[in-house]
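This report refers to the structure that appears directly beneath it.
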Amino acid sequence: MNPLSLSGISKHFGGIVAIERFDLEVESGEVVALVGDNGAGKSTLVKIISGVHQPTDGEIRLAGERVAFRDASDARSNGVEVVYQDLALVDLQPVYMNLFLGRELRRKPFGLLDRAEMARQTQQLVDDLDVRIPTAKATLSDLSGGQRQAIAIARATHWASRLVLMDEPTAALGVAETAKVEELILKLKARGAAVLVVSHNMEQVFRIADRVTVLRRGRQVGTRRVAETSHNELVSMITGLSS
Amino acid sequence: MTIAPTKAPAEKGVHLVVRSWRNYVVYVGFVVVFLYFAATQGANFLSGTTLVNIVTQATPITIMAVGTVFVLSLGEIDLSIGSTVALAALTAAVTLQVAGAWWIAALAGLAVGAVVGLVNGVFVTLVRLPSFLVTLATMGLVAGLAQQITNLQSVPVTDEAFGWIFGGGTLLGVPILIWWSAVAAAIGWHVLRQRRFGAHVLAVGNNASAARVSGIKVTRVRIAVFMLSGMTAALAGLLYAGRLAGATYTLGTTDLMSVLAAVIVGGTALTGGRASMIGAVVGSLFMSMINYGLLLAGLTVAQQEIVRGVIILIAVSLSLRGKKGS
Ligand SMILES: Nc1ncnc2c1ncn2[C@@H]1O[C@H](COP(=O)(O)OP(=O)(O)O)[C@@H](O)[C@H]1O
Ligand SMILES: [Mg+2]
């Protein structure tokens, strides 16, 4: 059973058709890229899978089981982690609180926040993933954009049990930071996660993805193995112009 | 591969120094004003009675400051606390005459605060109005109710137990009002720093959509904080009724300014996500000390108000200046 299988997903916002009959399977240890022009519906699709939006029509299956999420936390408790385009982090809090946001560890018997343990686990995780930050106790706003995105991905890595969705995780990053984030994505893949990543960047798609699926104005134009397609073919699928 | 920090280290150092300096304004201010009064008033000011009075006078402000720290941490504001003080105090005083038991009266007063907070919270979250407008409206509404329920009449409080618990009692040689302040501050600090709830309040105030997608029940947190704020105001009302042995609709009317000043000077950000419970308590003692010092200095009530306004303006600008951009 594949971690994620979508069939016939549609989403209408009033009169606007944001997604029309979208189908996709993502396997364990596979990175699938989702590409398309601005407004094609990529973010909407991510939000449907992560429970932020409910599909107008269609089926979402996780490991074969049909699911209908009420909200994002419902999806999270079913093992779907998301790295959002606009960082879903609280930047006045320490790194470890961000890692455990909404799932804070508590100490028996009084249920006090276990800050020491959260900091310890966070430090271990960032060390494992080779994310270079001064300390897990650093305040997030003191970190660079790349470090913050790395924290968002580390969080997804820590909690994801089957599926990680990423919406343009490197859109705001420089070259070195992007490389670091791509390395993290490949580590996630190596750990057997299914990864669906929205990307604007064709080179990136070829570097990290196994397959790529293309959206144009809400319609799914096609899905290709990265090894069997070309930059030109993808561009013409995205734009609808033959090259 | 390593990700280099984008900020130059020197710039960041300056940033940190400026930030921490702002957090200590209240402690520095406290010491400076303390030394000033000590120098100018001498033994008068440094007597044990004066110092105890400063803390006991501050008690209602301290307790409301605890609630307000949570409200500002959310990035919201509660302007209705001052009038809730009066309505809760009158409700308790009237209940005491009818029911006769101090604890029924106390529960009735606290219930008033909880209901006002619930109304505020529901309008802010479910109707999605700015808390500034909602609590401005309930401030007027509650003040009107306070004038209405006894027709502007004061209500005496003669119950001994009530007077001891919320006013003149002493426990282990320490005035009960100081116990109230200490316990409220300790519970406030504990909930803010050591409980999930406090972490969630700060997260919602910092980035509500991040909190929501992280599974935090944002609406529930907001409503709970407004109820907490209403209940701290109600408790302040009970403490006024106990100390003054009676309640009247004018109680608490000037407290809003003192509470906000105490909390902001104490280092809690108006924009949400950043809070200091200890700072707020010291801020409240700071405000009380100014009041007391000005009184000892023999200023008229009008002069006291002017000087207090100026001091608040200076202290608040020192602690808020430049905070917007960071
Ligand atoms: N909450 C919403 N309400 C109405 N329309 C929306 C909403 N979210 C997205 N849309 C519309 O759906 C389309 C796809 O948007 P989006 O998924 O953000 O595109 P992308 O991420 O590919 O740039 C756009 O036309 C957008 O205006
Ligand atoms: Mg998008």
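Restricting attention to region A:115-150 and to residues that are part of a helix (DSSP H, G or I), away from chain B (no Cβ under 13 Å) and of a type in the set (A, V, I, L, M), the residue that is farthest from A:Val83 (Cα to Cα) turns out to be A:Ala119.
Filtering region A:56-85 down to residues that are within 16 Å of ligand 1 (Cβ to nearest atom), of a type outside the set (S, T, N, Q) and more than 12 Å from chain B (Cβ to nearest Cβ), which residue is most open to solvent (accessible area, probe 1.4 Å)? Checking each candidate, the answer is A:Asp57. Considering region B:212-326, the qualifying helices (runs of 4 or more DSSP H), each wholly inside and each with 2 or more residues that are modelled with pLDDT of 90 or more, run over B:218-244, B:255-265, B:277-296.
Selection of region A:25-55 for residues being of a type in the set (Gly, Ala, Ser), more than 20 Å from B:Arg212 (Cβ to Cβ) and within 12 Å of ligand 1 (Cβ to nearest atom) yields A:Gly36, A:Gly39, A:Ala40, A:Gly41.
Within region A:196-210, one or more residues are surrounded by fewer than 23 Cβ atoms within 10 Å (Cβ to Cβ), more than 16 Å from ligand 2 (Cβ to nearest atom), closer than 15 Å to A:Ala33 by Cβ and among the aromatic types (Phe, Trp, Tyr). Against the definition (within 14 Å of chain B (Cβ to nearest Cβ), modelled with pLDDT of 90 or more and away from ligand 2 (no atom under 16 Å from the Cβ)), how does A:Pro94 come out, yes or no? Spelling it out, A:Pro94 is indeed within 14 Å of chain B (Cβ to nearest Cβ), modelled with pLDDT of 90 or more and away from ligand 2 (no atom under 16 Å from the Cβ). Which residue is most open to solvent (accessible area, probe 1.4 Å), if the candidates are limited to region A:97-113 and must be under 22 Å from the mean Cα position of the chain (by Cα) and within 10 Å of chain B (Cβ to nearest Cβ)? Across region A:97-113, the extreme among qualifying residues is A:Arg103.
Test B:Met139 against the stated conditions and say whether it is open to solvent by 30 Å² or more (accessible area, probe 1.4 Å) and in contact (Cβ under 8 Å) with a residue 24 or more places away in the chain.
Working: open to solvent by 30 Å² or more (accessible area, probe 1.4 Å): yes; in contact (Cβ under 8 Å) with a residue 24 or more places away in the chain: yes.
The answer is yes for B:Met139.
Output the residue which, of all residues in region A:162-183 that are within 16 Å of ligand 1 (Cβ to nearest atom) and outside any loop (DSSP other than H, G, I, E, B), is farthest from A:Ala194 (Cα to Cα).
For region A:162-183, the residue satisfying everything is A:Asp167.
Scanning for something within 16 Å of ligand 2 (Cβ to nearest atom), open to solvent by less than 20 Å² (accessible area, probe 1.4 Å) and either of a type outside the set (Lys, Arg) or more than 14 Å from every other protein chain (Cβ to nearest Cβ) (or both), does region A:173-183 turn up at least one residue? The answer is no, given that none of the residues of region A:173-183 is within 16 Å of ligand 2 (Cβ to nearest atom), open to solvent by less than 20 Å² (accessible area, probe 1.4 Å) and either of a type outside the set (Lys, Arg) or more than 14 Å from every other protein chain (Cβ to nearest Cβ) (or both).
Any chance region A:45-55 includes a residue that's within 14 Å of another protein chain (Cβ to nearest Cβ) and surrounded by fewer than 18 Cβ atoms within 10 Å (Cβ to Cβ)? Scanning region A:45-55, I find no residue that is within 14 Å of another protein chain (Cβ to nearest Cβ) and surrounded by fewer than 18 Cβ atoms within 10 Å (Cβ to Cβ), so the answer is no. When A:Phe22 is tested against (1) under 25 Å from B:Gly215 (Cα atoms); (2) open to solvent by less than 10 Å² (accessible area, probe 1.4 Å); (3) within 16 Å of ligand 2 (Cβ to nearest atom); (4) not β-branched (Val, Ile, Thr), only condition (1) is not met.
The values are calculated or read from the model by the stated rules, or taken from the named source; none is laboratory data. A quick note: this is a predicted structure, and the numbers were derived from the prediction, not measured. Neighbour counts run over all protein chains shown; Cβ positions are idealised from the backbone, glycine included. In case anyone asks, the SASA skips ligands and DNA or RNA and just uses the protein heavy atoms, side chains included. Shrake-Rupley method; radii C 1.70, N 1.55, O 1.52, S 1.80 Å.
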